[in-house]
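The values are calculated or read from the model by the stated rules, or taken from the named source; none is laboratory data. Computed from a predicted structure; not experimentally measured. Here the Cβ positions follow ideal geometry from the backbone for every residue, glycine too, while neighbour counts run over all protein chains shown.
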Amino acid sequence: MIKSMTGFGRCEVQEAERKITVEMKSVNHRYLDVNIKMPKKLNFFEASIRNELKKYIQRGKVDLFIAYEDYTQTNVCVKYNKELAGEYMSYLNQMAEDFSLENDVKISSLSKYPEVLTMEEQGIDEDKLWQLLDKAVRGAAEGFVETRIKEGEHLLKDLLEKLDGMLEHVTFITERSPQIITEYRKKLEEKVKELLGDAQVDENRLLMEVTIFADRVCVDEELVRLKSHIETTKETLLLGGGIGRKLDFIAQEMNREANTILSKSGDLEISNRAIELKTEIEKVREQIQNIE
C-alpha cells in the first residue's frame with residue numbers, strides 16, 4: 001500500500017457546550033511541514049496536535065484548520081481593577097487641584113478607562129477540551145489518510161504500467177544491440193571490398209575495427225543496471241510504506257543509465273527507444289514526487 005502526498009480530511013465533533021471542526025489538506029513536500037491555524041485559546045495544544053499528526057503522516061506540506069465554537073453562557077466574567085481605578089482618581093484629583101478645575105468624573109466615565117473593567121474568560125477544563133480536540137484531529141487525519149491511500153492506488157497502477165512499458169524498451173534494445181554489430185561488420189566488409197576490388201581483405205584489421213566499434217556502442221552494463229532499477233522500483237512499490245524518497249533516488253539512477261545508452265547509440269532504432277525510455281522515466285519521476 002502506497003500513499004499519495006495529496007489528501008484532504010475533515011471532522012466535526014460537537015457536544016452540549018462546544019463544537020470543534022478540523023480540516024486538513026496537503027501537497028507535495030520533501031519533508032513533513034505542518035502549518036496549523038487555530039484560535040488562540042487552543043495554542044496550548046499545538047505540540048500535542050503535531051505529535052498526533054506524526055502518527056498518520058510522514059511527508060507532505062500539510063495545512064490544518066481548526067474552528068472552535070463555545071456555546072456556554074458563563075464562560076466570561078467582568079473583572080474590576082480597584083487599584084487601577086484608585087490611581088486614575090488620584091491623578092484626576094491632582095490635575096483638578098493643579099489647574100483649579102472641578103473634577104467632574106462620574107462612575108460611568110471612570111469605568112471606561114483602560115483596564116478598569118475587563119472581560120476575563122473563566123478557566124477551561126483542559127483535559128476535557130483536549131479529549132474533544134483530539135477526537136476531531138484523529139477523525140480528520142483518518143479521513144485524510146483514506147484519500148491518500150485511494151490516490152496512492154491510482155498512482156500504483158499507473159506506475160506499474162509505465163515500468164512494464166520501460167521493460168519492453170529495455171528488452172528491445174538488448175535484442176537489437178548484437179544486430180547492429182553484425183550490420184556494422186557487413187557494411188564495413190562491403191565498403192572495403194568496394195574500395196579494394198579483388199584485393200585480399202585483412203580479416204585481422206577488419207576484426208579490430210569491429211571490436212572497437214562494438215566496445216564503443218556496448219550498453220550491456222547499462223541495460224543490466226537499468227533493468228535492475230526497474231524491477232527494484234516495482235518491488236518497492238508493491239512493498240509500500242514511506243518509499244517516496246527511495247524511489248526518487250532510483251529514478252535518478254534510471255535516468256542516468258538511459259542518458260548513457262542514448263549517448264553511446266549509433267543506431268536510429270536504439271536511439272528512438274532510448275528517447276522513449278527517458279520520456280517514460282521523467283513521467284515516472286513526476287509521479288513519484290506524489291508518493292509519501
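List of remarks:
- Long-range neighbours under 7 Å by Cβ, at least six apart or interchain, first residue over 19 Å from Ile2 (Cβ atoms) within the stretch 273-292, second surrounded by 19 or more Cβ atoms within 10 Å (Cβ to Cβ) and of a type in the set (Ser, Thr, Tyr): Ala274/Ser265
- Glu12 fulfils the conditions (1) surrounded by fewer than 14 Cβ atoms within 10 Å (Cβ to Cβ); (2) out of contact with any helix residue (DSSP H, G or I) (no Cβ under 9 Å at 6 or more places or on another chain); (3) assigned to a strand (DSSP E or B) except for a single criterion, (2).
The rows are residues; the columns are (1) modelled with pLDDT under 95; (2) within 30 Å of Gly244 (Cα to Cα).
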| site | (1), (2) |
| --- | --- |
| Ala16 | yes, no |
| Met24 | no, yes |
| Tyr31 | yes, yes |
| Pro39 | yes, no |
| Lys54 | yes, yes |
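- Cβ pairs under 6 Å, 6+ apart, first in the stretch 226-247 and at positive phi, second in a loop (DSSP other than H, G, I, E, B) and among the hydroxyl-bearing types (Ser, Thr, Tyr): none
- The single residue among Thr171, Thr118 that is out of contact with any Leu (no Cβ under 8 Å at 6 or more places or on another chain), in a strand (DSSP E or B) and hydroxyl-bearing (Ser, Thr, Tyr) turns out to be Thr118.
- Members of the stretch 25-61 found to be in a strand (DSSP E or B) and of a type outside the set (D, E, K, R), listed by number: Ser26, Val27, Leu32, Val34, Asn35, Ile36, Gly60
- Here the condition is being at pLDDT 85 or above and surrounded by fewer than 16 Cβ atoms within 10 Å (Cβ to Cβ); of Glu194, Glu221, it holds for Glu221 alone.
- Which listed residue, of Asp98, Asp164, is surrounded by fewer than 14 Cβ atoms within 10 Å (Cβ to Cβ) and within 30 Å of Lys283 (Cα to Cα): Asp164
- Pairs, first more than 19 Å from Ser271 (Cβ to Cβ) in the stretch 209-220, second of a type in the set (Val, Ile, Thr) and modelled with pLDDT of 70 or more, C-beta under 8 Å, six or more apart: Val210/Ile181
- Residue match in the stretch 271-290 (condition: under 31 Å from the mean Cα position of the chain (by Cα) and not in a helix (DSSP H, G or I)): yes
- Failed criterion for Arg138 (all others in (1) assigned by TED's automatic domain parsing to the domain that holds Val224; (2) in contact with a helix residue (DSSP H, G or I) (Cβ under 7 Å, 6 or more places away or on another chain) hold): (1)
- Within the option set Leu101, Leu64, Leu92, Leu84, being at negative phi, outside any helix (DSSP H, G or I) and either acidic (Asp, Glu) or free of Cβ contacts under 8 Å to residues at least 40 places away in the same chain (or both) holds for one residue only, Leu101.
- Of everything in the stretch 15-53 that is under 18 Å from Gln131 (Cα atoms) and basic (Lys, Arg), the residue that is surrounded by the most Cβ atoms within 10 Å (Cβ to Cβ) is Arg18.
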